[in-house]
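Below is one structure; the comments refer to it alone.
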Amino acid sequence: MAKKRVIVGLSGGVDSSVTAYLLKEQGYEVIGLFMKNWHDDSVTISDECPWLDDSNDAMLVAEKLNIPFQTVDLSEDYKERIVDYMFDEYGKGRTPNPDVLCNREIKFDVFMKIALSLGADYVATGHYCRKAEFEKDGETIYQLLAGKDKNKDQSYFLCQLSQEQLAKTLFPIGDLQKSEVREIATQQDLVTAEKKDSQGLCFIGKVRLPEFLQQKLQPKDGIIVEIEANDATYFSDKEEDTSLTSQIKKYTYHKEQGKKVGHHNGAHYFTKGQRKGLGVGGTPEPLFVIETDVDENVIYTGQGKNHPGLLRKGLFVDKNEIHWVREDLKLPVGSQLKTKARIRYRQTLEDATLYQEEQGLYVIFDQPQTAIMEGQFVAWYQDDELIGSGVIS
């Protein structure tokens with residue numbers, strides 16, 4: 001029988017290097033493919049050019065493992081589907097998650113199609129997550145499970161994958177700890193063994209976000225307003241209102257409500273929960289952004305990470321933005337499900353209840369959550385299986 005062909009997204013990092021090594025050991029025919037995602041000179045991402053070093057490291061790993069290697073240029077797709085989307089979202093005062101999008105739109109769509117056109121049976125990535133499968137009503141159901149290394153679990157970044165994509169994907173390092181991955185790379189004398197984990201945009205590298213955004217979103221002078229923690233907004237008469245809509249309600253502020261404490265150069269450069277970059281000192285507790293108003297160009301802030309303006313019990317996902325990895329578990333309208341959920345990578349899983357209504361999905365947490373941001377993804381789990389996700393409206 002012919003060996004199954006696997007195309008590995010070799011990023012030039014240690015995780016994808018060890019992924020390629022393990023697959024070769026398991027008897028697959030392995031091909032390394034490096035994705036070049038950026039070369040738009042009208043927008044510089046950083047002074048460094050990490051992709052050159054990364055593609056070089058990926059090539060050296062492929063040579064060492066004696067596997068074919070090539071580079072594919074996906075920069076046009078990346079600009080259109082990720083970067084333009086980011087500018088658009090920030091311009092609207094939302095906070096997108098480019099890593100989740102990059103996986104959905106680039107790695108497991110554009111890249112996967114290229115891999116399959118090259119005769120691949122599977123695509124493999126160096127993600128810390130696992131895949132399982134079982135039969136149900138004569139159909140194979142694929143499960144997306146958290147990585148064994150709880151510190152590195154990356155299932156959240158893959159929360160938008162579909163059954164079709166999972167069917168064609170392998171995650172060889174999902175059962176390993178990061179330390180074990182580095183050990184294997186050292187034993188095999190791979191050039192990436194000691195390489196630091198990349199920070200910043202997926203497959204692009206370091207990005208200084210404010211400078212990046214300023215290249216497309218014009219600076220605009222505005223004021224920073226501080227709202228007191230005992231402001232009347234937080235103590236409405238409707239204490240008894242426990243309806244779903246009241247639990248997800250955002251606070252609305254106006255300039256006269258608080259005191260002016262500083263200036264900024266564009267509300268669209270800031271996100272809820274942000275502490276750095278405000279340039280306002282002298283407060284007993286640090287100031288956090290509790291809301292941005294891009295129409296009025298005002299940033300509202302509050303003191304301390306427990307300021308009531310940062311906390312909310314729940315969130316809403318529009319019906320067009322709900323995604324079930326496990327389509328067989330999809331909730332019918334009017335039903336609910338006890339689950340665990342997170343609203344950002346590395347956040348501990350929190351107890352929550354999903355309520356499926358006609359207009360969309362309400363996710364109500366047992367405990368108030370801090371800095372729920374529109375544009376980010378919420379992902380929900382059963383035990384260590386990620387079963388669905390959605391964009392926070």
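If you scan region 339-381, which residues turn out to be out of contact with any Leu (no Cβ under 8 Å at 6 or more places or on another chain) and more than 28 Å from GLN274 (Cβ to Cβ)? Spell out how you get there, then give the answer.
To start, the set of residues in region 339-381 that are out of contact with any Leu (no Cβ under 8 Å at 6 or more places or on another chain) comprises 344-352, 358-360, 365-367, 373-377.
Passing the criteria: GLU358, GLN359.
Output yes when any residue across region 332-341 is under 21 Å from the mean Cα position of the chain (by Cα), assigned to a loop (DSSP other than H, G, I, E, B) and of a type in the set (Ser, Thr, Tyr), and no when none is. Checked region 332-341: no residue is under 21 Å from the mean Cα position of the chain (by Cα), assigned to a loop (DSSP other than H, G, I, E, B) and of a type in the set (Ser, Thr, Tyr).
From the list ASP40, ASP53, which one is at pLDDT below 95 and in a helix (DSSP H, G or I)? The unique qualifying residue is ASP53.
Within region 302-310, one or more residues are surrounded by 13 or more Cβ atoms within 10 Å (Cβ to Cβ), in contact with a strand residue (DSSP E or B) (Cβ under 7 Å, 6 or more places away or on another chain) and part of a helix (DSSP H, G or I). Of all residues in region 1-31, those satisfying the criterion of being modelled with pLDDT of 95 or more, under 9 Å from GLY126 (Cβ atoms) and polar (S, T, N, Q) are SER16, SER17, THR19. So which residues in region 58-103 are in contact with a Gly (Cβ under 7 Å, 6 or more places away or on another chain) and over 23 Å from THR19 (Cβ atoms), if there are any at all? Selection gives GLU89, ARG94, THR95, PRO96. With respect to the conditions (1) within 24 Å of LYS150 (Cβ to Cβ); (2) surrounded by fewer than 21 Cβ atoms within 10 Å (Cβ to Cβ); (3) in contact (Cβ under 8 Å) with a residue 40 or more places away in the chain, VAL325 lacks only one, and its number is (2).
It is to be established whether one or more residues within region 293-302 are of a type in the set (D, E, K, R) and out of contact with any Phe, Trp or Tyr (no Cβ under 9 Å at 6 or more places or on another chain). First the steps, then the outcome.
Within region 293-302, the subset of a type in the set (D, E, K, R) is 293, 295-296.
Still in the running and out of contact with any Phe, Trp or Tyr (no Cβ under 9 Å at 6 or more places or on another chain): 295-296.
Within region 293-302, one or more residues are of a type in the set (D, E, K, R) and out of contact with any Phe, Trp or Tyr (no Cβ under 9 Å at 6 or more places or on another chain).
The values are calculated or read from the model by the stated rules, or taken from the named source; none is laboratory data. Only a predicted model underlies this, so the values are computations on that prediction, with no experimental measurement involved. Neighbour counts are summed over all protein chains in view; Cβ atoms, including those assigned to glycine, are modelled from backbone coordinates with ideal geometry.
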